[in-house]
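Trainee: What follows is a structure written as C-alpha cells; I'll ask about it next.
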Amino acid sequence: MVDKEDTKYILKIINSEDSKNDTLLELQTLALSFVHQNGIPAQKASPNIAGQLMSMEEIDCGRGAQTFCMRLLNYMPGKTIAESELTMQDLYHVGRTAATLNKTLQEE
C-alpha cells in the first residue's frame, strides 16, 4: 500500500491465537511508537478510519470465524541480520542501537 506522499505500508495480520492477547498487542503497538518517537528505527502503526492503531476483525478462513488483530505499519526497507553478511561495522551499529534502546527504555 502507498499513500499520496509515497509512504509505503504493510498490513500486519496477527494469527488468531496471538490475537487473543489484545493487551499484549496494544503494549507492542505503543512500544513501537515510543521507540520511534525517541529516534530509534522502528515501524509505526497508523490509525485506521476509526482512529485506532489496531483493530480486531472476525474473518472466516474456511475453519469457521476467527478473530484477528490487524495493524497498518509503515514499511521499513532493508534486510534482517539473518539475511545479511555482517561486517564489524554492522555489528557496531547493532550494538549501538541496542544500547540506545536500552538507555531510552530505562529513562522513561
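The values are calculated or read from the model by the stated rules, or taken from the named source; none is laboratory data. This is a predicted model, so every value here is computed, not measured. Here the Cβ is made from the backbone with ideal geometry for all residues, glycine too, and neighbour counts use every protein chain on show.
Trainee: List, please: which pairs have Cβ atoms under 6 Å, are six or more places apart or on different chains, and start with a residue in the range 63-90 that is free of Cβ contacts under 8 Å to residues at least 24 places away in the same chain and surrounded by 10 or more Cβ atoms within 10 Å (Cβ to Cβ) and end with one that is part of a loop (DSSP other than H, G, I, E, B) and hydrophobic (A, V, I, L, M, F, W, C)?
Mentor: Taking only residues 6 or more apart or on different chains, not a single pair turns up.
Trainee: Could you run through the range 23-79 and say how many residues are small (Gly, Ala, Ser) and part of a strand (DSSP E or B)?
Mentor: We begin by selecting, within the range 23-79, every residue small (Gly, Ala, Ser); these are 31, 33, 39, 42, 45-46, 50-51, 55, 62, 64-65, 78.
Next cut, part of a strand (DSSP E or B) only: 45-46, 55, 65.
Adding up the residues that qualify gives 4.
Trainee: If you scan the range 9-45, which residues turn out to be at pLDDT below 90, touching a strand residue (DSSP E or B) at 6+ places or on another chain (Cβ under 7 Å) and surrounded by fewer than 12 Cβ atoms within 10 Å (Cβ to Cβ)?
Mentor: none
Trainee: With respect to the numbered conditions (1) of a type outside the set (Ser, Thr, Tyr); (2) within 20 Å of Ala31 (Cβ to Cβ); (3) not in a loop (DSSP other than H, G, I, E, B), which one is the sole condition not fulfilled by His93?
Mentor: For His93, the exception is condition (2).
Trainee: Do the conditions hold for Gln106, that is, is it in a helix (DSSP H, G or I), over 18 Å from the mean Cα position of the chain (by Cα), over 19 Å from Tyr9 (Cβ atoms) and at pLDDT below 90?
Mentor: Details: in a helix (DSSP H, G or I): yes; over 18 Å from the mean Cα position of the chain (by Cα): yes; over 19 Å from Tyr9 (Cβ atoms): yes; at pLDDT below 90: yes.
Answer is yes for this residue.
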